[in-house]
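Working notes for the structure below.
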Amino acid sequence: MSIHGQKDNAVVVLDHVFTAYEGAEHPTIRDLSLTIKQGEYVIIGGPNGAGKTTLLETINGMLPITHGKATICGMALAGDGVHVRQKVGYLIQNFAFSPLTPFTVRDVVMMGRYGGLGLFTRPGDADYRAAEEAMKSLGVEDMADIPIGQLSGGQQQKVLIAHNLAKNPRVLLLDEPFSNLDLFARERISHLLESLAKKGVTIIIVSHAFDDLPDRPIHILVMKNGTLIHDTTCAPGDVEAQVRKSSA
Amino acid sequence: MLEFLIQNNIVCHAVEAMLFASIACSVLAVVITQINISSIGFTMAHAAFAGAAVGIFFSINATLAAILAGLIVAVLLGPLSERAKISPDTALGVMFGMTMAIAIFFIAYMQSLGRGFDASGLMFGDVVSLFREEIYGLAVISIVTILFIIIFYKEITAIIFNQKIAEAAGIRVRPVYYAMLFMIALTVALCINIIGGLLLYVWLVTPAAIAVQFCNSIKQMFIVAPIIGAIVSVSGALTGLEYGLPVSPLTAVLFSILFAAAIILSPRRRISMRKE
Ligand SMILES: Nc1ncnc2c1ncn2[C@@H]1O[C@H](COP(=O)(O)OP(=O)(O)OP(=O)(O)O)[C@@H](O)[C@H]1O
Ligand SMILES: [Mg+2]
């Protein structure tokens, strides 16, 4: 079941995958195949409604695959996919927390550890340490005791990234992680993602911002109408041109 | 169980019943209000009410019939409410109307047959004519409810925070969510005789609505809500029996007054005038 058993280090393999939303007549992801290797830095582009979010939720098993086969971190995606999600981080695109939400930043970051613990196990010292570290790497440790609903949108985004880091994911899916962030935060998070990629974490980002890319080969996936229209790897400086060319 | 405190047997049983019922309901009230499934709690309370009315009419075990009705609602409404996929409002509205109709049909029919007395407790609650087993049942359910929250604390709090984020974090959301609905159905069915089908909803919402005004964390809410629920319910029972007033409606009114006071006194509504 481990990644090391695989020859080519592929962590995400989709093989002619179709994904449909409940109640929808047509599939949203259609006949999509791709391979992403361990430690790759992947940018997913494409117009609004192309299916980028849907693709991320297909990869982490939150949406049902109606045809085709998916293998994530060496595990076949089947059933409710909960095992896959224990290894795969996912920053959701849209969120809103009421100011009355009774959860502090620390609580939310700790929740990142819960999936890996499974039922009946209580968080221990290692979990608290991982949460503290994750908060520090996002610079939100000073807000640890503030209810998350009382932070700004960008601060909340950082907390949710910390929540995902706390679980030590093998793959990190990020849906427009830069959308709410100021310049410094973008830089900081770009550096963070780069260092994670260096450590072998696979980074998969839906983004329209191409300026803060790390200095390493970037795997570009461009989507349109639920299919992949471009799949290539290039230098960080060429990403914008590649995305533009394929979407034209 | 509390005979050493309260000499009068009837008062003692009434206090015990209200104490245990209010603890179970208030703990679940925190879950219900925080996940925003008040309408499910509401519908389940009325389904249990209808189930109990049917049970009494056909002279089968009313509590079992109520549990069954609550579980049917949980099974039917669970998928709708999960992840807020579809707005369950309409379905709940239909279901609520239907359960009320069933309950009222059988109660009215029983009244016309001269069996009205059987059913009045169902509507307005009855803390006086309780069987010892019912009180034990309530004690057990209040303990089970607390244990349920403690055992699944991680999962329940994550679901309360955000179901989608909980699911993405690799938490087993579905089984815990359904277990939660099951606990609500069970508790509602056991409390319906004591509190009454028309008022049970107050216990499933108000204690938590009061607690949230003063609590900053979910942990505090799980502790404060049942304390508030228990104090108000026991006071209601003692006052009602002392002055010959209907216990459950009196307690429901006390809850509402306390809620109004909590809103007025809540630190959440204060605006600081400091300049720094
Ligand atoms: N819950 C849903 N039920 C049915 N259809 C949906 C649902 N969510 C999205 N869709 C449809 O799936 C398609 C792809 O949506 P998706 O959210 O994946 O797009 P996206 O590429 O992430 O867009 P954006 O850039 O706006 O975030 C859209 O046509 C949308 O209408
Ligand atoms: Mg999207």
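Look at (1) farther than 17 Å from A:Val12 by Cα; (2) in contact with a helix residue (DSSP H, G or I) (Cβ under 6 Å, 6 or more places away or on another chain); (3) away from ligand 1 (no atom under 16 Å from the Cβ) and you find that A:Leu119 fails only one, number (2). Pairs are defined by a Cβ separation below 6 Å, a sequence spacing of at least 6 or placement on different chains, a first member in the stretch A:201-215 that is away from chain B (no Cβ under 14 Å), and a second member that is part of a strand (DSSP E or B) and within 12 Å of ligand 2 (Cβ to nearest atom); the pairs so defined are A:Ile205/A:Leu174; A:Val206/A:Ile44; A:Val206/A:Asp175. Considered as a group, the residues in the stretch A:87-102 that are modelled with pLDDT under 95 and open to solvent by less than 50 Å² (accessible area, probe 1.4 Å) include one that is nearest to the other protein chains (Cβ to nearest Cβ), and that residue is A:Pro102.
When you look at A:Thr54, is it buried (at least 17 other Cβ atoms within 10 Å of the Cβ), hydroxyl-bearing (Ser, Thr, Tyr) and within 16 Å of ligand 2 (Cβ to nearest atom), yes or no?
Values: buried (at least 17 other Cβ atoms within 10 Å of the Cβ): yes; hydroxyl-bearing (Ser, Thr, Tyr): yes; within 16 Å of ligand 2 (Cβ to nearest atom): yes.
Taking the combined requirement at face value, the residue satisfies it.
Evaluating B:Gly114 against the criteria (1) outside any helix (DSSP H, G or I); (2) surrounded by 22 or more Cβ atoms within 10 Å (Cβ to Cβ) leaves one unmet condition, (2). Close Cβ contacts (under 9 Å, 6 or more residues apart or on different chains) running from residues in the stretch B:257-276 that are outside any helix (DSSP H, G or I) to residues that are among the polar types (S, T, N, Q) comprise B:Ser266/B:Gln213. When A:Asn168, A:Asn180 are screened for being within 14 Å of chain B (Cβ to nearest Cβ), outside any helix (DSSP H, G or I), open to solvent by 40 Å² or more (accessible area, probe 1.4 Å) and within 19 Å of A:Leu138 (Cβ to Cβ), only A:Asn168 passes.
Only residues that are within 13 Å of chain A (Cβ to nearest Cβ) and either open to solvent by less than 10 Å² (accessible area, probe 1.4 Å) or among the polar types (S, T, N, Q) (or both) were counted across the stretch B:166-212, and they come to 9.
Check whether at least one residue in the stretch A:198-205 is modelled with pLDDT of 90 or more, within 16 Å of ligand 2 (Cβ to nearest atom) and open to solvent by less than 20 Å² (accessible area, probe 1.4 Å), and report yes or no. Give the steps one after another, and end with the answer.
Here is the first cut: in the stretch A:198-205, the residues modelled with pLDDT of 90 or more are A:198-205.
When the remaining residues are screened for being within 16 Å of ligand 2 (Cβ to nearest atom), the result is A:204-205.
So of that shortlist, the ones also open to solvent by less than 20 Å² (accessible area, probe 1.4 Å) come out as A:204-205.
Yes: one or more hits.
Selection over the stretch A:109-120 of residues that are within 7 Å of another protein chain (Cβ to nearest Cβ) and in contact (Cβ under 8 Å) with a residue 12 or more places away in the chain gives a count of 4.
Can you confirm whether the stretch A:62-82 contains a residue that is assigned to a helix (DSSP H, G or I), crowded, with 23+ Cβ neighbours inside 10 Å and at the interface with chain B (Cβ under 9 Å from one of its Cβ atoms)? Scanning the stretch A:62-82, I find no residue that is assigned to a helix (DSSP H, G or I), crowded, with 23+ Cβ neighbours inside 10 Å and at the interface with chain B (Cβ under 9 Å from one of its Cβ atoms), so the answer is no.
The values are calculated or read from the model by the stated rules, or taken from the named source; none is laboratory data. Nothing here was measured: the structure is a model prediction, and the numbers come from that model. Heads up, the Cβs are rebuilt from the backbone with ideal geometry, glycines too, and the neighbour counts pull from every protein chain shown. Side chains are part of the model used for accessible areas, which takes the heavy atoms of the whole protein and leaves out ligands, DNA and RNA. Shrake-Rupley method; radii C 1.70, N 1.55, O 1.52, S 1.80 Å.
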